[in-house]
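Inspection log for the structure reproduced underneath, given as structure tokens.
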């Protein structure tokens, strides 16, 4: 067998391995009742999935019903690479039509941090969601979910009052984006926005992982409790 014949299988194996690492974080076992709640988004929701303590895991426990988790760390709302996007790095592609009662969503943070460095992000903000909250990638995804008959519960991002983080420069753009999402939720029936800007007490680092970006297990549980209250009430 020639050298060229060996290279292709190795490349194929490497590609498959890379794609497996991008698979949705919280696939639930088959069997039992079909999930009626879908969770999609980025690492805020996917974090701790390997230990069974992600937001989706805790939400499943609190509600006592199955939750399907397709969230993927590093996922973006606007993402154009076809293969990695199809396996989860594009948040809109995490959504699949189904018999969902609720779809819990977050996203946009990686678009601002990785897409424009949280600096001069006006164009990126408008592509995510316009000032009028009726255009952009977020509006398009929300409309698609609502057209399927499911309610939408959009989750905002953690804040870090009283201490610095590697993404501190994203705060202002994040505030703008979440204000627009709140406007969208007010205008659209069946759409809810859950802010967690007040979740972390000033100076309390116990709600963040060691990287000061992602949620701790404590935070994932607290976030799930807020989401569960909205779902129970609506």
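Table for the structure above
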{"quantity": "Enumeration of residues in region 74-95 that are touching a helix residue (DSSP H, G or I) at 6+ places or on another chain (Cβ under 8 Å), part of a helix (DSSP H, G or I), in contact (Cβ under 8 Å) with a residue 24 or more places away in the chain and farther than 17 Å from residue 124 by Cα", "calculated": "83, 84, 87, 88, 94"}
{"quantity": "Qualifying positions in region 220-229 - surrounded by fewer than 24 Cβ atoms within 10 Å (Cβ to Cβ) and touching a strand residue (DSSP E or B) at 6+ places or on another chain (Cβ under 7 Å)", "calculated": "226"}
{"quantity": "Residues within region 96-110 that are outside any strand (DSSP E or B), out of contact with any helix residue (DSSP H, G or I) (no Cβ under 6 Å at 6 or more places or on another chain) and buried (at least 19 other Cβ atoms within 10 Å of the Cβ), tallied", "calculated": "3"}
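All of the numbers you see were taken from the coordinates with simple rules; none came from a lab. The structure presented is a predicted model; accordingly, all values stated were derived computationally and were not measured. For neighbour counting, all protein chains shown are included, and Cβ atoms are generated from backbone atoms with ideal geometry for every residue, glycine included.
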